[in-house]
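The values are calculated or read from the model by the stated rules, or taken from the named source; none is laboratory data. Please read all numbers here as calculations on a predicted model, not as lab measurements. Here Cβ is always computed from backbone atoms with ideal geometry, including for glycine, and neighbour counts include all displayed protein chains.
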Amino acid sequence: MSYPALRPLGGLLLALTVSQAALAAEPVARQTSNPYYVSGLTTLGKALALRPNTGKAKNVILFVGDGMGISTMVAARIHEGQSRGVDGVSNSLSFETLPYLALSKTYSDDTMVTDSAASASAMLTGVKTRNGTMGVDGTVIPDDCPSIAESTITTLAEMAKAKGRWTGAVTTTRITHATPASTYAHVANRDWEGDQNMSAKAKAAGCKDIARQLVEAPNTTRLNVAMGGGRSRFQPKDQGGNRADGRDLFQTWLAKSGPRTAAVMTVSELKSLDPAKVDHVLGLFGPENLPYEADRATQGADVPTLTQMATTAVDILSKNPKGYFLMVEGGRIDMGSHAGNAYRALTETEEFSKAIAAVMAKVDMKNTLIIVTADHSHGLVISGYAGRNDPILGLAADEDTGGLAKDKKPYAILSYATGPGGADGENHREDLSSVDTKAPSFTQQATVPMFSAAHSGEDVAIFAGGPQAHLFQGVVEQSYIYQVMRHALGL
């Protein structure tokens, strides 16, 4: 029996099968010439050529973008590209070119959303601890001085220094602030930055403030380089500081660190240093945190950039033939987000990226493990359907809604989950129609009104390159970062 009605269909199916096979075997010219296709082939070639470096690291540099969640990183990537007049969305920050990537779980020992003290301690000790504490494990009793002795653990910097490597910490915040202090301090309260910040009970129990712990550490563990702000914690009141004990800790640093030692307070003094002639440098370039990059023109006179501090630190530490460990923090990324000010958070991230690029240009990636990560995320949101080339700091003028929200008002591409930009009480959301959302001082709107935007608890990225960088893959605990660094250094 014949089925003539099916013959054309069978022929069509055969033709389709042949056509699909041909397409699968060889994409058409229109496809292969597409720039996305070409870019994908290039990326594939790099991935196929990649070979893990399984050797030991002479040096390890840990870059921490404080509060640099993935949305902050993406927004900064776009803003940096747009500022240079190139395509922002396909742009890349310097560290995004590193070959290995993982995600880090950032919760602390006692909270779902971590603070900087607990998260930095996790990275630098391999142990998660309670929010507000550092250099101790989770058995510490907050604000309790005696409990420190029973809960103290060793930091990677202390371990590396004890084994003959040099160590350093560089930040745009106070050098006694949570992240940099986690390289050297052991406290039950992160706010004990100077003795003026401590309770009488803590002092009576014999606890040392964080500034004293930095300068009074024994030679076997003391940092070789410490740079940032926070000078007020080191100087007495008659020198412009806040110390209640009247001590000048600059002099303590100079006395304990030996003849090849310097203490500097300005970028001019920093530039005058000869790295070949100094082995220990304390650089405190402001009484509190260093100014935002956005405010450099008005507040940054004689204050170094993060790039200048980081590259100088590498020049000094590189003299040690045994190698070094360095932590570099872009600390004011976090502070910009706490203020609900995306402009400052993004421009701080861009300076952080510049510092990483400058350091990577100086070091030998064959023997230097570089890790770039964040201690925690922030509730910055990139939302709406703005055009591809619309300013990232502008309004989300999507066509479907006419760029208007349900309340018939426009909304910005960037907003925060919480923060000072939230509508308070009976006040309704501000109409942004005539507001310059691209201004450096603009506060993003927020869903929940708070005096300071809260951290958020999603995973953050880890980028890595150099010896043992291939060990970063998948989703890992934040404390795992320590294990890779320790293993790479052979400690």
* **Elements of type helices (runs of 4 or more DSSP H) contained in segment 154-216, each with 2 or more residues being among the hydrophobic types (A, V, I, L, M, F, W, C) and more than 25 Å from the chain's Cα centre (by Cα)** => 200-204
* Asked: Is it true that some residue in segment 227-240 is among the basic types (Lys, Arg) and in a loop (DSSP other than H, G, I, E, B)?
  -> no
* To do: Might you check whether a residue that is more than 27 Å from Lys277 (Cβ to Cβ) and either in a strand (DSSP E or B) or in the same structural domain as Lys128 (by TED's automatic domain parsing) (or both) occurs anywhere in segment 358-368?
  => yes
* Out of Val460, Val435, Val475, report the one residue that is exposed (fewer than 15 other Cβ atoms within 10 Å of the Cβ) and in the same structural domain as Tyr100 (by TED's automatic domain parsing). => Val475
* Going through segment 79-110 one residue at a time, which ones are assigned to a loop (DSSP other than H, G, I, E, B) and in contact (Cβ under 8 Å) with a residue 60 or more places away in the chain? -> Asp87, Gly88, Val89, Leu93, Leu98, Pro99, Thr106, Tyr107
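Just one of Ser415, Ser434, Ser377 is over 30 Å from Leu62 (Cβ atoms) and under 23 Å from the mean Cα position of the chain (by Cα); which is it? Spell out how you get there, then give the answer.
Values: Ser434 fails: under 23 Å from the mean Cα position of the chain (by Cα); Ser377 fails: over 30 Å from Leu62 (Cβ atoms).
It is Ser415.
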* Lone qualifier among Ala439, Ala417, Ala453 - being closer than 23 Å to Arg332 by Cβ, touching a Gly at 6+ places or on another chain (Cβ under 6 Å), modelled with pLDDT of 95 or more and part of a loop (DSSP other than H, G, I, E, B) -> Ala453
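Residue-by-condition table, conditions (1) out of contact with any strand residue (DSSP E or B) (no Cβ under 6 Å at 6 or more places or on another chain); (2) closer than 29 Å to Thr305 by Cβ:
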{"position": "Ser92", "(1), (2)": "yes, yes"}
{"position": "Thr114", "(1), (2)": "yes, yes"}
{"position": "Pro146", "(1), (2)": "yes, no"}
{"position": "Glu150", "(1), (2)": "yes, no"}
{"position": "His186", "(1), (2)": "no, no"}
* Please list, ordered by first then second residue, the pairs with beta carbon atoms under 6 Å, 6 or more apart or interchain, first in segment 311-330 and over 19 Å from Ala178 (Cβ atoms), second among the charged types (D, E, K, R). => Val314/Lys362; Lys322/Arg165; Gly323/Lys58; Gly323/Arg165; Tyr324/Arg165
* **Test for Ala76: is it of a type in the set (A, V, I, L, M, F, W, C), touching a residue at least 12 places away in the same chain (Cβ under 8 Å) and under 30 Å from Gly323 (Cα atoms)** => no
* Are any of the residues in segment 58-80 surrounded by fewer than 20 Cβ atoms within 10 Å (Cβ to Cβ) and among the acidic types (Asp, Glu)? -> no
* Asked: Within segment 462-482, is even one residue under 28 Å from Asp295 (Cα atoms) and assigned to a loop (DSSP other than H, G, I, E, B)?
  -> no
* Structure fact -> The residue from Gly336, Gly384 that alone is buried (at least 24 other Cβ atoms within 10 Å of the Cβ) and outside any strand (DSSP E or B) is Gly336
* Asked: Of all residues in segment 120-164, which are surrounded by 21 or more Cβ atoms within 10 Å (Cβ to Cβ) and acidic (Asp, Glu)?
  -> Glu158
